[in-house]
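Report on the structure given below.
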Amino acid sequence: MPRLADKQTARLLRSIPYFAELSPRELATAAASLVERRLDAGQIGFLEGEACSGLHLVVSGQAKVARLSADGREQVLTLLKPGDSCNEVPVVDGGANPATFTAVEPTTVWIWTAEEMDRLRAAVPSLSEAIIRSLATRCRELVDRIGSLSFRSVTARLAAFLLEQTAPQPQSGLDRRRWTQEEIAGHIGTVREMVGRALRNLEKDGLIHFDRHRIEIVDRPGLESLL
């Protein structure tokens, strides 16, 4: 059981779209069946190809969901912040984990096993419909991502990534100790050498400035024009 107060627990559960409309009693049922797990930075929560590890909800910290190629190259599918969930697909279809879940920093997750989710869906029929709607939204996001990888240049994908990561605080820039070229490459579907080349081109065009520690956006409208 989570150690948070009941109101805090309910508020976090309601941040998941398919738990949002549950009654207080139904939320209490969901809270009673979860397991809390704490992960260190870099610790793997579950592996691609293993038996379903259940629905994961990030409570604190940050995690990533990624796939690895045969040669060990990483493709990051999404970054998860508090309130984000993942691994719904194997919970619904009974298959293996489709990707690997790794904590980016010390992270707490709540987990519902596939068996617990089956019981919850049986007890709350509206939950299945809500999960279907959520999966449909995720499917649209993946289609958009595939389109970006297929039709945008590496430079355009890098521009989009820089804009997205700095959107909450446009003047903050990116910490290069956290966002290495290898890490960025994993997010935009390319290799480190191509990221380095694209960064140099963006700096040459006066759109960004970077040094050993930070990547600063100099011309935000200029980056947006590349999309």
Report summary line: Distribution output for the range 59-102: share of Cα-Cα pairs per 10 Å bin in percent, first bin at 0, values 27, 48, 25, 1
Query raised in the report: Which of (i) -0.84, -1.31; (ii) -0.77, -1.39; (iii) -0.92, -1.34 is the computed log10 I(q)/I(0) by the Debye sum over Cα atoms at q = 0.13, 0.18 Å⁻¹ for the structure on display?
Result: (i)
Report summary line: Averaged per residue, the 1.4 Å probe accessible area of the chain, protein heavy atoms only, in Å², is roughly 55
**Report entry** Fully extended contour minus Cα-Cα distance, from residue 67 to residue 79, at 0.36 nm per residue
**Finding:** 3.1 nm
Report summary line: Looks like the range 50-132, by Cα gyration tensor root eigenvalues a ≥ b ≥ c and the a/c under 1.5 rounded cutoff (else prolate when a/b is bigger than b/c, oblate otherwise), is oblate
Query raised in the report: Percent relative contact order of the chain, based on C-alpha pairs within less than 8 angstrom and at least six residues apart?
Result: 19
Report task. Would you mind getting me the FRET efficiency between residue 136 and residue 204? Use the beta-carbon distance for r and R0 = 30 Å, nearest 0.05. Result -> 0.10
Query raised in the report: Of 108, 155, 137, which is the most mobile in a GNM of the chain whose springs link Cα atoms less than 10 angstrom apart?
Result: 137
Query raised in the report: Do the sum for the chain: with -39,500 (n - 2.57) for every DSSP H run of n ≥ 4, divided by all residues, what is the mean residue ellipticity at 222 nm, to the nearest 500 deg cm²/dmol?
Result: -13000 deg cm²/dmol
Query - Sulfur and carbon atoms: percent of accessible area, the chain [1.4 Å] - result: 53
Query raised in the report: Relative to the longest principal axis of the chain, what angle (0 to 90°, nearest 10) does the C-alpha long axis of helix 192-204 take?
Result: 60
Query - In the range 136-227, trypsin sites (Lys or Arg not before Pro) in a DSSP loop with at most 14 other beta-carbon atoms within 10 Å - result: 177, 178, 212
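The values are calculated or read from the model by the stated rules, or taken from the named source; none is laboratory data. Being a predicted model, the structure only gives us computed values, none of them experimental. Don't worry about glycine lacking a Cβ; one is built from the backbone with ideal geometry, like all the others, and counts go over all protein chains shown. Surface accessibility is based on the protein's heavy atoms, side chains included, excluding ligands, DNA and RNA. Shrake-Rupley method; radii C 1.70, N 1.55, O 1.52, S 1.80 Å.
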